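Inspection log for the structure reproduced underneath, given as structure tokens.
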Amino acid sequence: SAASVNAGKAAVSRFNNTSNNNNTTTSSPTTKLNKTHPNVKLPTKLQSKSKEEQILRTANRVKPHVMAVDTLLRVLLSVRSDPDNIKFRVIDRTNVNYVTYVRDVPGAEDLLLAMNYRRHNYATSGKNELRLERHLVDDALLYLGISALEQMRESEEYKLGKKLRGFHSEMRRIASKGGNDHGHQQNLSQSELELRVQYMTKCPKEPPEGRGARMSVCLGDEREKITGGLVSRRFDGDDTLQDVLHWLGGCYGPELLEKLRSREWCLCDLNRYPVSPLDVERHQGKTLQFLGLFPSGKLGVRLSEDSWREGDEIMDDIHGSARGLGAASRSMLH
């Protein structure tokens, strides 16, 4: 009958649709993309490229990270000098220094993998290692990796990173002898302690809770989390930048003020975009409200760029940049 014929056709149609769906499910994402977007080509994965290209690309990604470059170079040089020594061919991925300076740096571990290191996790012992087997040591790859890293040490990014590392080392040294922790200041000589007290006597009295504005100053980049490198207190809006400098002198000593005035370091308004330095000599008599540091101020001590160190002024003016209540325009400050 006609009904049975139609029922047979419907059954065949369902069977064909099921077969097509199964084929679509088992097909790879690339096959699907070729069908739906025939003109789109996916880039080749880094792991699929030549060893030479992997090493050069990963070394280029690592170059801003000074400690990662130095650590990787030291590892490869050690392997080349004594490839039979297993301690140079095994890296503990849980080691504190490796975790801090290498593991999460973009390209660092990929470079080691390109050098034929392999990840090994041992469930019984709990070890998590990168291991380079003796038969996988390749002199040509070692030469290429060492040469690439040595070239990265000549790059501008590496040199800037080296400067910043030295700067933050100086910030840690200064913070270790100052800040709001009076215990640190007990280690100072009598003359330096008296000098800091003189700076503090020049500061205005701190407004009571609920009055004034909270001013905080951070030594170096906030991501460095320097111990003792963050101080804060309240100021009135008509207090001046000179009052803030006296307070910093009392917290950290005269060395910090000397470096700010010589422009080797700079005092930056972190609430302003883009972050730019304040001319502490020119504006030391200006009020915090005039400078845009009221009703709240957030300053940071940073390493000066060459242009600022040479005496140039910052003229950038971004629409919508936060300046504070009653603050002068940036063109008036510069």
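A few points about this structure:
- Residue satisfying all of: in the range 273-289; within 16 Å of Arg214 (Cα to Cα) and part of a loop (DSSP other than H, G, I, E, B); most open to solvent (accessible area, probe 1.4 Å) among these: Gln289
- Test: Gly210 is of a type in the set (Gly, Ala, Ser), open to solvent by 60 Å² or more (accessible area, probe 1.4 Å) and modelled with pLDDT under 95: yes
- Conditions (1) touching a strand residue (DSSP E or B) at 6+ places or on another chain (Cβ under 9 Å); (2) more than 19 Å from Lys163 (Cβ to Cβ); (3) open to solvent by less than 40 Å² (accessible area, probe 1.4 Å): number failed by His246: (1)
- Evaluation of Leu260 against the conditions (1) outside any helix (DSSP H, G or I); (2) surrounded by 20 or more Cβ atoms within 10 Å (Cβ to Cβ); (3) not β-branched (Val, Ile, Thr) shows that the sole unmet condition is (1).
- Cross-chain or 6+ apart pairs with Cβ under 8 Å, the range 101-119 first and touching a residue at least 24 places away in the same chain (Cβ under 8 Å) and polar (S, T, N, Q), then surrounded by fewer than 20 Cβ atoms within 10 Å (Cβ to Cβ) and assigned to a loop (DSSP other than H, G, I, E, B): Asn116/Glu133; Asn116/Val137; Asn116/Asp138
- Qualifying positions in the range 75-86 - of a type outside the set (A, V, I, L, M), assigned to a helix (DSSP H, G or I) and open to solvent by 70 Å² or more (accessible area, probe 1.4 Å): Arg80, Ser81
- When Lys63, Lys49 are checked against the criterion of being of a type in the set (D, E, K, R), touching a Phe, Trp or Tyr at 6+ places or on another chain (Cβ under 6 Å), open to solvent by less than 60 Å² (accessible area, probe 1.4 Å) and modelled with pLDDT under 95, a single residue qualifies: Lys63.
- Just so you know, in the range 9-36 the residues that are within 44 Å of the chain's Cα centre (by Cα) and more than 30 Å from Gly107 (Cβ to Cβ) include one that is modelled with the lowest pLDDT, and it is Thr25.
- Residue pairs whose Cβ atoms lie under 8 Å apart, sitting 6 or more positions apart in sequence or on different chains, and linking a residue in the range 61-74 that is in a helix (DSSP H, G or I) to a partner that is charged (D, E, K, R) and buried (at least 22 other Cβ atoms within 10 Å of the Cβ), are Val69/Lys63.
- The listed residue being touching a Ser or Thr at 6+ places or on another chain (Cβ under 8 Å), touching a residue at least 24 places away in the same chain (Cβ under 8 Å) and either open to solvent by less than 40 Å² (accessible area, probe 1.4 Å) or among the β-branched types (Val, Ile, Thr) (or both), out of Ser216, Ser176: Ser216
- Residue, farthest from Arg93 (Cα to Cα), within the range 114-158, restricted to residues that are open to solvent by less than 70 Å² (accessible area, probe 1.4 Å) and among the charged types (D, E, K, R): Asp138
- Scanning the range 87-96 for residues being open to solvent by 30 Å² or more (accessible area, probe 1.4 Å) and in contact (Cβ under 8 Å) with a residue 24 or more places away in the chain gives a total of 4.
Listed here are the residues, each with its yes/no results for (1) at pLDDT below 95; (2) in a helix (DSSP H, G or I); (3) not aliphatic (A, V, I, L, M).
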{"position": "Tyr101", "(1), (2), (3)": "yes, yes, yes"}
{"position": "His120", "(1), (2), (3)": "yes, no, yes"}
{"position": "Ala123", "(1), (2), (3)": "yes, no, no"}
{"position": "Gly126", "(1), (2), (3)": "yes, no, yes"}
{"position": "Glu129", "(1), (2), (3)": "yes, no, yes"}
{"position": "His135", "(1), (2), (3)": "yes, yes, yes"}
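- Some residue of the range 72-91 being under 24 Å from Tyr158 (Cβ atoms), acidic (Asp, Glu) and at pLDDT 90 or above: no
- When the range 291-310 is filtered for residues that are more than 18 Å from His246 (Cβ to Cβ) and either at pLDDT 85 or above or open to solvent by less than 40 Å² (accessible area, probe 1.4 Å) (or both), the ones remaining, listed by number, are Gly292, Lys298, Gly300, Arg302, Leu303, Ser304, Glu305, Asp306, Ser307, Trp308, Arg309.
- Residues located in the range 144-177, provided they are among the acidic types (Asp, Glu) and part of a helix (DSSP H, G or I): Glu150, Glu156, Glu157, Glu170
- Filter result for the condition that a residue is more than 27 Å from the chain's Cα centre (by Cα) and either closer than 20 Å to Gly166 by Cβ or not small (Gly, Ala, Ser) (or both), over Leu270, Leu288, Leu230, Leu260: Leu288
- Val40 meets each of the listed conditions (1) part of a helix (DSSP H, G or I); (2) within 53 Å of the chain's Cα centre (by Cα); (3) at pLDDT below 80 apart from (1).
The values are calculated or read from the model by the stated rules, or taken from the named source; none is laboratory data. These numbers come from a predicted model, not from an experiment. Methodologically, a virtual Cβ is constructed for each residue, glycine included, from the backbone with ideal geometry; neighbour enumeration extends over all protein chains shown. Remember, those area values only see protein heavy atoms, side chains included, never the ligands or the DNA or RNA. Shrake-Rupley method; radii C 1.70, N 1.55, O 1.52, S 1.80 Å.
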